Amino acid sequence: MERSYEDTRTTGSRDLGRSRARASVAAPLLAIGGLALAIGTLLTWVDLGDAAGGTEVAGTSLSDGRLIMGIGLGMLLMGVYMATTRRYGHWYDADLLGATLGAIATAVIVTTWIALPDGQTAELGLYVSLAGAVLGLIGALAALAQSRVGDDDSR
């Protein structure tokens, strides 16, 4: 008895529904957020104030800034890959990774900002990096919410 492999609803079907494959919703926001994170680390994060002669410190000069740059480049590569490929179903694992990276970046940037001593001020790079982290986090969470709705519709 031969089984037809054309019917996508039968168990053991080899047609994985690739015609219904779509790119992730999070891809553009992850890529833009990752780019903002990477660019933000190249900008000034901290102004040391008058005590140090007004010295400005870029994000790449700080260990936290280099961590954020790595997260930003990872989010950028992940977003570009997800935007250029289509995958059946959803990008659930990648969306979870994007949400995790966005949350880690947001937490590191906020703690760096909170830890600034008196007389030192946050500069443009810190704000740009924070905006990129939040944008990537929002995109990943929105994609997770949509993939959950897509799972319910397929049953």
Here the range 114-120 yields Karplus 3J(HN,Hα) values (6.51, -1.76, 1.60; θ = phi - 60°; whole Hz; Gly and Pro given as x) of 5, 7, 5, x, 4, x, 9
Expressed in nanometres to one decimal, the distance between label points 7 Å along Cα→Cβ at residue 81 and residue 121 is 4.1
HN-Hα couplings for the range 25-39 via Karplus (6.51, -1.76, 1.60; θ = phi - 60°), in whole Hz with x for Gly/Pro, come out as 5, 6, 3, x, 6, 5, 5, 5, x, x, 5, 5, 4, 5, 5
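Values in this text are rule-based calculations from the coordinates and carry no lab data. Remember, it's a predicted structure, so these values are computed and weren't measured experimentally. Quick reminder, even Gly has a Cβ in these numbers, built from the backbone with ideal geometry, and neighbours come from all protein chains shown.
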